[in-house]
Amino acid sequence: MNKTAYPKFILLHCTALLATAAFSAPSLTLLRDSLLSENALLMGGGYYGRAINGISYQEQILYTFDGYQYSAFYDTSGDTQRVVLARRAVDGAFIGEWETYSTDSEMLNGDEPDWNAHNVISFGISESDGALHLAWDHHNHSLRYRKSIPGLCTTNKEAWGEGMLGPEQNWLVDEATPELDVTYPQFTNTLDGGLVFNRRFGISGNGDQYLQTYDPASGTWQKAFPFISRSGTYQGPNPHGETVTADERCAYINGIDFDQRGQLHVTWTWRESARQFGNRDICYAFSPDLGKTWYNNDRILIADTTKRETITTDSPGITVVPLDMRQLMINQQTQCVEADGTVHVLMLHRRQDPGHEPSNFSALFSTKSTAYYHYFRHHRTGQWQQRRIPPDAYPVGSRPRLALDAAGNLYAAYLSYPAGTEVFPGYREDDDRSVLVIATASQKSGYSDWQIQKVIDKDFDGEPLIDTARLLKDGILSVYIQEHGPYPDGPALATPLHVYDFQTGRR
């Protein structure tokens, strides 16, 4: 069994502070409800749920850069589903109209009759050369990648539309070495205007996490390398209370983010075994050199990828919140990082108050009797603290999204379902009506004042995503979320896809 010295963290529930805290959580004022599309794809059925526009592992689907907000989605027409790119002019609170461009890139791997909600769209903008990078339609499939002409998002904005994208590729470094197994691709901006490309190689419970960097000066990708691997042995109780042993696993990451010093931070949970024993633990590591070397919570070197070393379950000091496999659906949630390196994580897991003990559960993946727990790490001491969004008024429904404004205040968006509903995130059933909930907390209070600020009472599907760049720069919260639709299995459905814009401020 893996033995790890866990860092101490402070448990502090928001509800315990009601009598003494002076709340200063940011308020929200709705500016606009913009329809990005009237006919966004909602799958007709599928083992992995129906929503594919707005899922937690997309990481980034709204991104503001140099006067425009960019987005992407799948639309649907008959039995054809295509990638649509969109942009609109933004300047502070000013919001222009969406300019959409339907590409000739179809969803082929994840479409009917075997709908697969993992085959999402991911895009990134390399800010130095102004190129847009697009990856889509993967769940253990060959890479599908396109890159725009240089300057599309900087010096050549008028080229938006026909001809702005290059041809589809199944490779990044060399045409002779295609990428044949890609899952959950994500782009992250580097401080020098380049990109990091992160994805999984292998299957759920038996896979490795790979990184790759893009150099905008040469317009080329560097060779990919593994940084979190499946190696090691773990023993512990599964959700049914049985003690199991696993010799394989995969990391489900919450994201990777840079601080102002160029350190790359990653948090994740483990899923044990391709046999799906369950999810466990919250782990953390950071890299000062674009993923070449990795350090644990105590700043001790644990992996040098230039020597073919990787982070494994046996790496010391990586477990910052020990959780056994009886936590239900804790994979692929959300993190953000302040400029000074303070790391924030928001994850749903089993409630820790009386009446929610592990013996109550038998399901592997559910949100029943869970709450949203906020963990954050002090950038100097390495100490982790815990808060919790009040769970009762608007209980857990979807995996959440977390983002920061320039003052270090936090914003969380999630879908909520009626109390007691057995919801599988992204896998909702017929009668599980949901609402969009946005909660905020202030840095001034030490994040002890989590409060529900806005509820959009419309029936949604999927998981909300946030434009982190716009919130940080302009103080405008943009939330991407799609409406729910009826439940005929088989054909694709078309439902409205929204972007809600809120002005942030004080009460």
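The values are calculated or read from the model by the stated rules, or taken from the named source; none is laboratory data. Everything quoted here is computed from the prediction, not taken from an experiment. No Cβ is skipped: glycine too gets one built from the backbone with ideal geometry, and neighbour counts run over all protein chains shown. Just the protein is used for accessible areas: all its heavy atoms, side chains included, with ligands, DNA and RNA removed. Shrake-Rupley method; radii C 1.70, N 1.55, O 1.52, S 1.80 Å.
Tabulated data for the structure shown
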{"quantity": "Other-chain or far-sequence residues with amide H under 5 Å of Leu290's (modelled H)", "calculated": "Leu264"}
{"quantity": "10 Å binning of all Cα-Cα separations within the stretch 204-294, expressed as whole percents from 0 upward", "calculated": "15, 41, 27, 13, 3, 0"}
{"quantity": "Sulfur and carbon atoms: percent of accessible area, the stretch 442-507 [1.4 Å]", "calculated": "51 percent"}
{"quantity": "Alpha-carbon Rg/Rh ratio, for the stretch 20-157, with Rh computed the Kirkwood way", "calculated": "1.03"}
{"quantity": "Amide H contacts under 5 Å for Glu99, placed H, 5+ residues apart", "calculated": "Arg87, Arg88"}
{"quantity": "Vicinal HN-Hα couplings computed from phi for the stretch 453-459 (Karplus, 6.51 cos²θ - 1.76 cosθ + 1.60; Hz; Gly/Pro x)", "calculated": "9, 9, 10, 9, 8, 9, 7"}
{"quantity": "Cross-link pairs beyond the 23 Å C-alpha cut-off, checked among Lys368/Lys458; Lys147/Lys223; Lys157/Lys473; Lys147/Lys292", "calculated": "Lys147/Lys292"}
{"quantity": "Accessible-area value, Asp314, 1.4 Å probe, nucleic acids and ligands omitted, Å²", "calculated": "80 Å²"}
{"quantity": "Highest-first arrangement of 409-418, 59-68, where packing means the average Cβ count within 10 Å", "calculated": "409-418, 59-68"}
{"quantity": "Accessible surface, the stretch 15-121, averaged per residue in Å² (probe 1.4 Å)", "calculated": "38 Å²"}
{"quantity": "Helix-only [θ]222 nm of the chain, DSSP H runs n ≥ 4, -39500 (n - 2.57) each, per residue, nearest 500", "calculated": "-500 deg cm²/dmol"}
{"quantity": "Cα lying deepest toward the dipole's positive end in the chain, options Ser218, Tyr184, Thr267, charges on Cβ", "calculated": "Thr267"}
{"quantity": "Contact order normalised by residue count of the chain, Cα under 8 Å, 6+ apart, percent", "calculated": "19 percent"}
{"quantity": "HN-Hα J in Hz across the stretch 71-86 - Karplus 6.51, -1.76, 1.60, θ = phi - 60°, x for Gly and Pro", "calculated": "8, 7, 6, 8, 9, 9, 9, x, 9, 10, 10, 10, 7, 10, 9, 9"}
{"quantity": "Whole-Hz ³J(HN,Hα) from phi, Karplus 6.51 cos²θ - 1.76 cosθ + 1.60, for the stretch 242-255, glycine and proline x", "calculated": "8, 7, 10, 10, 10, 10, 8, 5, 9, 8, 10, 8, 8, x"}
{"quantity": "Proximal charge balance of Thr64 [Cβ under 15 Å; K/R count +1, D/E count -1]", "calculated": "-2"}
{"quantity": "Solution diffusion estimate, µm²/s, Stokes-Einstein, the stretch 446-507, Kirkwood Rh from C-alpha pairs, 37 °C, viscosity 0.692 mPa s", "calculated": "233 µm²/s"}
{"quantity": "Cβ crowding within 10 Å averaged over residues, with 209-219, 131-141, 344-354 ranked highest first", "calculated": "131-141, 344-354, 209-219"}
{"quantity": "Local net charge near Glu106, Cβ-Cβ under 9 Å (Lys/Arg +1, Asp/Glu -1)", "calculated": "-2"}
{"quantity": "Amide H contacts of Gln383 (H built 1.01 Å from N, under 5 Å, at least 5 apart or other chain)", "calculated": "His378"}
{"quantity": "Cα pair distances exceeding 33 angstrom across the chain, given as percent", "calculated": "34 percent"}
